[in-house]
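Note sheet for the following structure.
The values are calculated or read from the model by the stated rules, or taken from the named source; none is laboratory data. The structure presented is a predicted model; accordingly, all values stated were derived computationally and were not measured. Please note: Cβ atoms are built from the backbone with ideal geometry, for glycine as well, and neighbour counts cover all protein chains shown. Keep in mind that these areas ignore ligands, DNA and RNA; they rest on the heavy atoms of the full protein, side chains included. Shrake-Rupley method; radii C 1.70, N 1.55, O 1.52, S 1.80 Å.
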Amino acid sequence: MSDVTDAQGHRLDQVRLFGVSATGYHGVFEHERREGQTFVVDVVVHLDTRRAAARDDLAHTLDYGALAQQVVAVIEGPPADLIETVAERIAATVLADGAVSAVDVAVHKPQAPITVPFGDVVVAIRRDRSKLPAAEPYRPQTPQRVVTRPSAPTPTAALPLAVDEAAAPGPTSADTPPVVPAPPLAAPVEPPFGALVGPLGGAAVAPPLVPLPPPGDVVTGGPFGGAAAVHAVGTPAVGTPADERTADETAPDDGAADGASVAPAAAGPDDTAATQVMSPLDLAALDALDGRGPDEDVVEGELETDVLDSAPTSPVDVVLALGANLGNAQETLRQAVGDLDRTPGVDVVDVSPLARTAPVGGPEQPDFLNAVILVRTTLSPRDLLRVTQSVELGHGRERHEHWGPRTLDIDIVVYGSVLAVTDDLELPHPRAHERAFVLQPWAQVDPSAVLPGLGGGPVAALAATAPDKEGIRWLALDWLTAPVPAAQWDVEAPGEVPPPGPTPAEAPYSSGYPPVPGH
């Protein structure tokens with residue numbers, strides 16, 4: 001097994017985990033998926049363990065106990081046809097730890113369905129930051145509950161109601177309860193063209209919308225049995241003798257649990273059916289009848305978070321890198337420092353000299369002005385990222401082209417000792433160790449600074465060997481309080497490259513940053 005080295009050619013340390021076994025259901029044959037078999041995994045992790053050893057702190061190295069559990073979870077996880085896929089899943093899971101530079105994974109299948117005598121079958125791979133795994137890392141599955149509720153009755157439109165007093169048979173004495181006129185029809189709603197299509201493709205007729213009678217009223221008749229009529233709650237239907245009414249019709253309301261009483265059908269004129277209007281459906285009452293509370297068995301949305309969303313228990317030291325090459329770049333950087341310092345939870349501690357640097361990568365464009373600021377914050381890493389992006393937007397930042405010109409760029413280089421890789425933020429910044437326009441100003445403001453993580457080390461030493469070190473044209477002091485003549489250009493279009501300009505006198509940088517604009 002060959003060694004893995006860091007960016008300076010130094011051999012990385014190793015954490016070796018051999019013989020992790022579990023039962024999995026991987027293979028191309030049906031009996032392998034049905035019966036399962038034992039898989040054995042060896043893992044060798046390449047990383048720098050010096051910082052963890054110096055601080056005697058597990059947070060700065062690999063937790064091999066957790067690693068063993070993750071390996072077992074992958075083995076026992078979703079079946080794969082190939083053990084090559086299992087190896088890639090394990091490698092991806094290990095490399096999700098930002099402290100890991102490379103990983104060797106060997107998956108053993110000692111019970112492979114081979115028809116000749118053999119000792120073992122092994123698939124061994126090495127993956128690193130340049131040759132990434134061809135699989136996603138393991139993530140625990142969160143079971144979700146299924147919501148089941150009683151089906152509500154299918155709502156239907158109310159029928160048009162009309163009263164024909166001349167044709168209505170039945171008693172005409174003064175004791176007969178009055179018939180309540182049906183409510184007027186509402187104006188039909190004109191559906192959009194093409195919406196009136198029936199289930200078999202023919203024309204569908206949309207009935208006009210009619211207000212419903214009050215709950216408890218009785219409706220008799222209808223379009224297929226004569227005119228419909230509404231009878232007020234508590235009164236017998238027209239044409240129904242008192243001695244023929246059921247006990248349920250004459251009994252007082254006993255306060256049913258569901259809040260709505262439905263009377264049996266009563267005989268109307270010419271024995272037409274009478275229907276009592278229901279009260280609106282009470283979902284809380286249905287929950288009570290079903291024996292559960294209104295919030296039980298309801299799946300609540302969960303916001304997925306990670307360590308980058310957690311606010312620190314005490315202020316954390318942070319390094320931010322600023323750059324600009326459009327417009328009045330020096331003034332933009334001055335204002336950005338002030339914007340950050342005025343943000344609640346962000347305290348600017350020190351500011352580096354201003355560096356004029358040649359662009360690295362991307363299209364032809366003007367030189368950049370760069371600076372590094374040391375910050376102390378109580379915000380979480382992701383909240384701080386949102387703050388920096390907000391400041392960028394406030395100064396007209398637009399992300400049209402990778403490594404293209406910009407009015408303002410703010411990167412989080414280091415957030416305390418956090419090592420993390422996510423879709424939106426990687427800590428430390430993955431290219432900080434090879435960018436002189438970050439390292440040189442940083443080394444000036446903090447000569448003893450150390451960059452953690454992959455390719456890290458003393459910042460001053462990294463600055464001296466950075467690939468783009470020749471692109472540092474000059475460093476200027478006191479740029480927050482006075483204009484730097486060589487930094488005064490106004491570039492509005494990416495193609496307009498300013499002249500080199502004079503070089504400010506070089507001087508050793510002393511700490512103690514000048515007042516922030518706006519303070």
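Give the accessible area for ILE125 in Å² (nearest 10); use a 1.4 Å probe, count only protein heavy atoms, and leave out ligands, DNA and RNA.
Taking all protein chains as shown, ILE125 has close to 30 Å².
When the solvent-accessible surface of protein heavy atoms is calculated with a 1.4 angstrom probe, in what order do SER314, SER448 fall, highest first?
Details: SER314 60, SER448 95 Å².
The most accessible residue leads, giving SER448, SER314.
How do LYS131, LYS109 rank by accessible surface area computed with a 1.4 Å probe, from largest to smallest? Kindly include the intermediate steps, with their values, before the conclusion.
Details: LYS131 115, LYS109 20 Å².
Largest accessible area first, the residues go LYS131, LYS109.
In Å², what does the accessible area per residue of segment 314-358 work out to with a 1.4 Å probe? Intermediate results must be reported in sequence, preceding the final value.
Working: 1180 Å² over 45 residues.
The answer is 26 Å² per residue.
For ASP350, what charge total do you get from the other residues with a beta carbon under 11 Å from its beta carbon, if Lys and Arg give +1 and Asp and Glu give -1? Before the final figure, lay out each step's value.
Numbers: positive: ARG376; negative: ASP317, ASP347, ASP446.
After counting each charged neighbour, the total is -2.
Find out how many positive minus negative residues lie around VAL45, taking Lys and Arg as positive, Asp and Glu as negative, among other residues whose Cβ is under 10 Å from that of VAL45. Don't skip to the answer; put the middle values down first.
Working: positive: ARG16; negative: ASP13, ASP97, ASP104.
Summing Lys and Arg as +1 and Asp and Glu as -1 gives -2.
How long is the gain from ASP350 to GLU331 if the chain were fully straight, where each residue apart is worth 0.36 nm and the alpha carbon distance is subtracted?
Values: separation 19, 0.36 × 19 = 6.84 nm, distance 1.77 nm.
Gain on extension, ASP350 to GLU331, equals 5.1 nm.
Rounded to whole Å, give me the distance from the Cα center of segment 363-415 to that of segment 1-29.
Value for the Cα centre distance between the two parts: 36 Å.
Using 1/(1 + (r/R0)^6) with R0 = 45 angstrom and r between the beta carbons of GLN37 and ASP317, what's the FRET efficiency to the nearest 0.05?
Numbers: r = 51 Å, r/R0 = 1.13.
It comes to 0.35.
Which ³J(HN,Hα) values in Hz, rounded to whole numbers, follow from the phi angles of segment 346-351 under the Karplus curve 6.51 cos²θ - 1.76 cosθ + 1.60, where θ = phi - 60° and Gly and Pro get x?
Using θ = phi - 60°, the values come out as 10, 10, 6, 9, 7, 10 Hz.
When the accessible area of segment 12-130 is computed with all protein chains present and a 1.4 Å probe, what percentage of it is carbon and sulfur? Each step should come with its number before you reach the end.
On the way: 3030 of 5810 Å².
With neighbouring chains kept in place, the figure for segment 12-130 is 52 percent.
Output wanted: per-residue J couplings in Hz (rounded whole) for segment 458-474, from phi through Karplus 6.51 cos²θ - 1.76 cosθ + 1.60, θ = phi - 60°, x for Gly and Pro.
For segment 458-474, the Karplus curve yields x, 5, 4, 5, 5, 5, 6, 10, 5, x, 9, 4, 6, x, 7, 7, 6 Hz.
I need the peptides 19-28, 68-77 ranked by packing, meaning the mean over residues of other C-beta atoms within 10 angstrom, with the highest value on top. Kindly include the intermediate steps, with their values, before the conclusion.
Numbers: 19-28: 16.6, 68-77: 19.6.
Answer by packing, highest mean first, reads 68-77, 19-28.
Report the net charge of residues surrounding ASP81, where surrounding means a beta-carbon distance below 11 angstrom and charges are Lys +1, Arg +1, Asp -1, Glu -1.
On the way: positive: ARG33; negative: GLU32, GLU84.
Local charge sum for ASP81: -1.
I need the peptides 437-444, 411-418, 318-325 ranked by packing, meaning the mean over residues of other C-beta atoms within 10 angstrom, with the highest value on top.
Numbers: 437-444: 26.5, 411-418: 21.0, 318-325: 24.9.
In decreasing order of mean packing, 437-444, 411-418, 318-325 become 437-444, 318-325, 411-418.
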